[in-house]
1. How would the stretch A:243-429 be classified by its alpha-carbon gyration tensor: rounded, prolate or oblate, with rounded meaning a/c under 1.5 and the a/b versus b/c comparison settling the rest?
2. List the chymotrypsin sites (Phe, Trp or Tyr not before Pro) in the stretch A:453-561 that DSSP assigns to loop (not H, G, I, E or B) and whose Cβ has at most 15 other Cβ atoms within 10 Å. Which are they?
3. Give me B:CYS23, B:CYS206, A:CYS304, B:CYS256 ranked fewest to most by other Cβ atoms within 10 Å of their Cβ, as a rough exposure proxy.
4. Classify the stretch A:438-595 as rounded, prolate or oblate from the Cα gyration tensor: take a ≥ b ≥ c as the square roots of its eigenvalues, call it rounded if a/c is under 1.5, otherwise prolate when a/b beats b/c and oblate if not.
5. Based on the inverse mean of 1/r over its pairs of different Cα atoms, what is the Kirkwood hydrodynamic radius of the protein assembly as shown, in Å?
6. For peptide A:427-433, how many partner chain Cβ atoms fall within 10 Å of a residue's Cβ, on average?
7. Using DSSP to call loops (not H, G, I, E or B), can you name the GluC sites (Glu not before Pro) in the stretch A:447-548 whose Cβ has at most 11 other Cβ atoms within 10 angstrom?
8. Report the rotationally averaged projected area of the stretch A:380-466 based on its alpha-carbon convex hull, in square nanometres.
Amino acid sequence: MTTTETPGADLPLQQLERVVIRFAGDSGDGMQITGNQFTQTSAVFGNDLATLPDFPAEIRAPAGTRPGVSGFQLQFSSKDIHTPGDAPDVLVAMNPAALVVNLGALKAGGTLVINTGAFKANDLKKAKLGSNPLEDGTLDGYRVIPVDINARVLEALSDSALSTKEKARCKNFYTLGLMYWLYSRPLDSTVNWLKVKFKSRPELIEANELALRAGFNAGDIHELFQGQYEVPKTEELPAGTYRNMMGNDAIAMGLVAGAQLAGLQPVLGSYPITPASTILESLASYKHHGVVTMQMEDEIAAICSAIGASFSGSLGITTTSGPGMALKTEAMGLAISTELPLVIVNIQRAGPSTGMPTKVEQSDLLQAIFGRNGDAPIPVISCSRPSDAFELTIDAVRIAVQYMTPVILLSDNFIANGAEPWLLPDLKDIKPFPVQFAEDPENHRTFARDEKGSRAWAKPGTPGMEFRIGGLEKDIDGNVSYDPENHQAMTDQRHNKIAAIAQTIPTPAVDGPDSGDLLVLGWGSTVGILTQAVETVRENGLSVSRLHLTHIWPLPKGLEEIFSNFKAILVPEMNMGQLTRVLRGEMPHHNFIPHNKVTGQPFLTTEVAAKIENILKG
Amino acid sequence: MSETATTKLTRKDFVSDQEVRWCPGCGDYAILASMQKYMADSGADPAKTVFVSGIGCSSRFPYYMNTYGFHTIHGRAPAIATGIKVANPDLSVWIVTGDGDALSIGGNHLAHILRRNVDVNILLFNNEIYGLTKGQYSPTSPVGTVRKSTPMGSVDRPFNPISFALGCNATFVARSIDTDAKHLTKVFAAADAHRGTSFVEILQNCVIFNKDFYSKVVDRSVRADMTVDLTPGEKIIYGAEEDKGMRFCANGLEKCSAADADLWDPATATESQAYAISQLDQDPETPKPIGVFRSVDAQVYEQQVHQQVEAAVADKGPGKVEDLVCAGDRWTID
């Protein structure tokens, strides 16, 4: 840590390697916007970062109550980081409920920025607090920065024509300005954002910008803090052009790109569901890319309309979350039976049933692999982070069209709403996979197979190719067949076709030594935490390796060999052991150790590191 | 249609090579024959025609048509057909469904395709019974229907398919009879010509589980007196002697002499008139209306969907993936 002088101020400027901030307030306080703005500014500034939005499912739970608390945590760093951080260095609490819900997570001795204007008797009552935590010793041991943000923002906007209520709503930008000052962030990215966001309401641009600048200046003038900090831009990320990316946006773009690489029109049938709706919304705004979107009457109609689009020769796509997957199950079977390409995106959330719609879980894995009637194999791919979602979505499209099969692409709430820098791909490097439709009726048979085991795709409108297909078992010409041997043969062919996809999936690389006592095996959004946990353990002098799966069904080839070089394989998952079950079924001769957590929150690095050390030292 | 464009197709050209497996005497045979003939006579292009069905006896229909066909899952044909038509608006799409498929398990999708006005034709074969599952009552069976699943009689009130469609703001609603090839063909032609969703209920005999349920209305001996054909542009006249008529009244239509009969125009009649007429058969003494209940113009779903895409392209220029990926604030690390 170096200390330098801030130009034009007496307060010292300290350099830090990384900072974890959590913004917490009422769900009407704009904490997600505040967090996203801080993220965007830090990304453009050149930090590596990772985010964890954590908000209630209720749009506006009763104001000031504990269930209504919305949080946004981010870690930004001058180093290559993998997680949003376990414990925040700084907690910004906009009201008593936000304080008590989040205080336990704050690092010992951490900094608390508290909006004291929201700690009146009634506020304490709403948060079910018997005494004022500002006065009762609750905050002993923390560095408390009390700011009456409610009052300061009204003062800053005293000349504004806005109503008092509207002025009060600018308090998140005052807070943001304060934090920008503390961490020496530039304001221009947020000012530009305000200009676009409130294009039609210039008075809101003015007021929010005033609030932002007032907060920034307050840091300087009022000497609220003992100094300013700076987290320099990172030099550790690979060279190239970056942008900040969230998982759902990356999937929406990947779908457009994938369809183009296949030479198909993307047709989305979807039904709004948390946390997948933003993919529908994004794709609906990509109409100039030739994207057709249909917001259907339910989840079943959504997948069925997508299947119809594929039948017509377009790329059918449907996007949903777990409960929607349950409803789509029967139609998935139809796409499997008729061997039509289809991309099914499941942004997982905590279940079962409605579960916890805005919380993270990885508990739809077995549903994805096995959850259908009959022997109904489907390839399953999982994104790990916002920055691999684009590429994996394209791969889902490739598999769907090359193998004439529905493909399930899994993501989760953490990836969907989390953000990180994305090294922009060179699109010229992505190999196209144009679809060749069958157009010659001569010798064409509807379910004749190529060397991959896939059937040819013929579409209505082609003269002389008229065929009938359906969900009944069929023979090679698509005609209904109850012949026992035919059913065995068709079932085998469908099974073999999906198994053969493994030949096109690269064996994942082991991070660390390729043999040893322990391999940590993960999939999905745990990638950052597992990477960090393994690094932590290695810093403590222990040897541990790590492997992460993106293609889960079929499993990539080469795993058996990798696994056989380790005494034990730890499988941390945010479910009750679903990948462990799959692995034990497929490769029973290895020592898989499940490590499970289903709190609706990601693993902490420390939790996983402790488990690893426990096994290695055990 | 390339080579065949100059060669007139016959009914046989629309017959697939599959053996028809409905029960002997099933009303579906007559509907199939009428459709195959209509296709040939109307100059339909088999390559651009798709029959889509759900599950049930009627839903085997696509296998027997030498066109494109998709036998899908129970109740979902309207949703699948919506995707087919939106992805390729040049196709002529026909949905074949039954009273259970369309009005029980698929009621939601039927309601929504009618609301959206996708340009497809829906043929609902109504035999007021579940045939494929061996004779349970259906959502169009009358109250008191005694079957294996309702040994003491069904207690739930039936849907009237015509009233249902009208209630969903359908733009074309008609009814015909399986064995009346002439009438059926006339209704097929009107449905085919209509832009938007055409809904056609076809009264259809299930000889095994609900034999002749409709005989009081459609038997040759009573049909002229017990049905009244709503023909666009013609007076509403019925009866073996063509001496009876109907005229508008507060409740829709009422019986009158042929001389006093009103002219029928499904494009100008109000929705409430059409609805009231659809309810006439509640009275067993009043003839059951067949023919075209409603035929009005409205915006077609898939056309608007594509118009929006075209408008967006015209406004913003054809999108490039690079522009999507390389948007927003970016920074470079050397």
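1. Because its axes are fairly even, with a/c under 1.5, the stretch A:243-429 counts as rounded.
2. Sparse-neighbourhood loop chymotrypsin sites (Phe, Trp or Tyr not before Pro): A:TYR482.
3. Ranked by crowding around the Cβ, least crowded first: B:CYS23, B:CYS256, B:CYS206, A:CYS304.
4. prolate
5. 31.3
6. Going residue by residue through A:427-433 and averaging, the value is 1.
7. A:GLU451
8. Seen from a random direction, the Cα hull of the stretch A:380-466 projects 7.8 nm² on average.
Bear in mind that the values in this text are calculations on the coordinates, not laboratory data. Keep in mind that what you see is a predicted model, and the values were worked out from it rather than measured. Here Cβ is always computed from backbone atoms with ideal geometry, including for glycine, and neighbour counts include all displayed protein chains.
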